[in-house]
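A.B. asks: My structure is below; once you've seen it, I'll send some questions.
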Amino acid sequence: MMTKEQFDAAEQVMLAGMQQSVHDTGHIYRVLWGALRIAETEPMADLDVVILAALLHDIGRLNEEKTPGKGHAAVGADMAGPILQELGWDMATISHVQSCIRTHSYKKGLTPQTLEGKILFDADK
């Protein structure tokens with residue numbers, strides 16, 4: 001189970017990266033709140049993955065213009081790996097969070113394959 005310190009560290013990463021007007025911190029907290037509400041109905045959901053994916057799902061927005069055509073979801077998934085590793089998360093959790101982030105946007109035609117990915121996808125809509 002995620003500790004308050006782990007949550008705070010992930011939240012600080014999100015706060016440092018969210019500078020856009022439409023997808024600002026308010027959006028992130030709405031997605032997090034929605035994801036947690038959905039996850040309450042799914043006892044098998046991994047809450048650590050849901051929380052981390054919701055906090056970090058849009059971190060690629062500021063860097064997406066550096067990789068034209070890749071999209072913010074793919075950029076954000078790539079960015080999340082080293083961040084989560086530095087925060088001490090295990091590789092299975094990191095990979096799962098990256099998958100959720102990579103598939104949260106419908107624009108690239110990817111479909112979430114995990115329960116947590118589906119929760120993030122729905123919460124973001």
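A.B. asks: Suppose every K and R has +1 on its Cβ and every D and E has -1 on its Cβ; what is the size of the dipole of the chain about the Cα centre, in Debye to the nearest 20?
C.D. replies: Value, rounded to 20: 500 debye.
A.B. asks: Right, next: What number do you get for the chain when its Cα radius of gyration is normalised by 2.2 N^0.38 Å, N = residues?
C.D. replies: 0.95
A.B. asks: A follow-up question, please. So if each residue of separation counts as 0.36 nm, and I subtract the Cα-Cα distance between Y106 and T93, what length gain in nm does that give?
C.D. replies: 2.4 nm
A.B. asks: Oh, and also: How many nm separate the modelled label positions at K125 and A16, each set 7 Å beyond the Cα in the direction of the Cβ?
C.D. replies: Result: 3.3 nm between the two label points.
A.B. asks: With a 1.4 Å probe and every protein chain kept in, tell me what percent of the accessible surface of the chain is carbon plus sulfur.
C.D. replies: 56 percent
A.B. asks: Please give the per residue accessible area of the chain, computed with a probe of 1.4 Å over protein heavy atoms only, in Å².
C.D. replies: Solvent-accessible surface per residue comes out at 53 Å².
The values are calculated or read from the model by the stated rules, or taken from the named source; none is laboratory data. If you're wondering where the values come from, they're calculated on a predicted model, not measured in any experiment. We place every Cβ from the backbone using ideal geometry, glycine too, and count neighbours over all the protein chains shown. Surface accessibility is based on the protein's heavy atoms, side chains included, excluding ligands, DNA and RNA. Shrake-Rupley method; radii C 1.70, N 1.55, O 1.52, S 1.80 Å.
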